[in-house]
Each structure stands twice: as structure tokens, then as C-alpha cells.
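Encoded as C-alpha cells, the structure appears first; notes follow it.
Derivation of every value follows stated rules applied to the coordinates shown; laboratory data play no part. Keep in mind that what you see is a predicted model, and the values were worked out from it rather than measured. Using ideal geometry, Cβ is built from the backbone for each residue, glycine included, and neighbour counts are taken over all protein chains shown.
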Amino acid sequence: MRLLVILMTFLLFFVILGFLLTNMGTQVPVKVWTKDFPDVRLHNIVLIAIFCGIVYASVIAIAEGASIRIANRRLKREVHQLETELNYLRTQPAAPRAEPDAVAVAAHVRDEAEEVLEAPSSAPMYGSEGEDASSDPDDDVYSGGRAV
């Protein structure tokens, strides 16, 4: 792609150079708003137009580049903030917690509930011996009594 841009730039340069060399003596009248210029060389008009185009493209490129740099800075700050939060969460000590599928214990059996919270199982257990079997015969649950 870069080679194509370089070739197109050289081609444009040679076309403009050829136009300028073939129209060196041509003079045209030019009117800018209310001011008249009766004899202006055509190659001067072309050179002024090229210069204005270069300035216009440069201003657009600078504005777009600044916008990209501002967005990159904002994204870098966000990534840094997320990495800091992730490192903080990784270094926190493991808090004791109940398993997600632990059975809710009534208030009158509070002693048993404290035992469950103090020593949670290492993984959820499905189909253990104490639970009722599924009433639906088509329900194919895991019933091996092992941790999943």
C-alpha cells in the first residue's frame, strides 16, 4: 500500500510539472471577490492552488492525529485503571463464602448453618444421598454424588 501511495505521488508530481512546463506563457484574467487581476500567469494559479491544497490537507491531518492521540491517552488510562483493579482483586485474601447452591438454613438451625459457612465444600455436589430424587423421570441429572 505504501508503494502505491509513493507511485501515485510521483505520478501526480510529474503531471503537475508537465502542465506547468507546457503553460509557462499562458496568461488569464482572475477575479477574486471584487478585485480584478487582468493578466495572471496560469502556472502561478496552479502553484497557489497546490499550496492551498497542501495546507488544507495538513490541517486536517494534524487535527485527526491529535484526535487519535487524545483517544489513545484516554484508552491507556482506562487500561491502567483496569489493570490496577485486576491486580488489587487478585491480591485480596480469599474470603470464606457459601457455595452458590447451598441449601438455605432456617433460623432455628443457626448452629448448623455456621458449620456450613465455615467449611464450604470444594465444589458443588449434585444428587447427593440426602436429596429427594427428581419427580420427573425424563430429568437426567448427574447423580454420581461426586464434585463436578
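Note on Leu11/Val55: beta-carbon distance plugged into 1/(1 + (r/R0)^6) with R0 of 25 Å gives a FRET efficiency of 0.70.
Multiplying the sequence separation of Phe37 and Phe19 by 0.36 nm and subtracting their Cα-Cα distance, what value in nm do you get?
Working: separation 18, 0.36 × 18 = 6.48 nm, distance 2.17 nm.
Residue separation times 0.36 nm, minus the Cα-Cα distance, leaves 4.3 nm.
What the phi angles of region 45-50 give under the Karplus curve with 6.51, -1.76 and 1.60, with θ = phi - 60°, is a coupling list of 4, 5, 5, 5, 5, 5 Hz, glycine and proline written as x.
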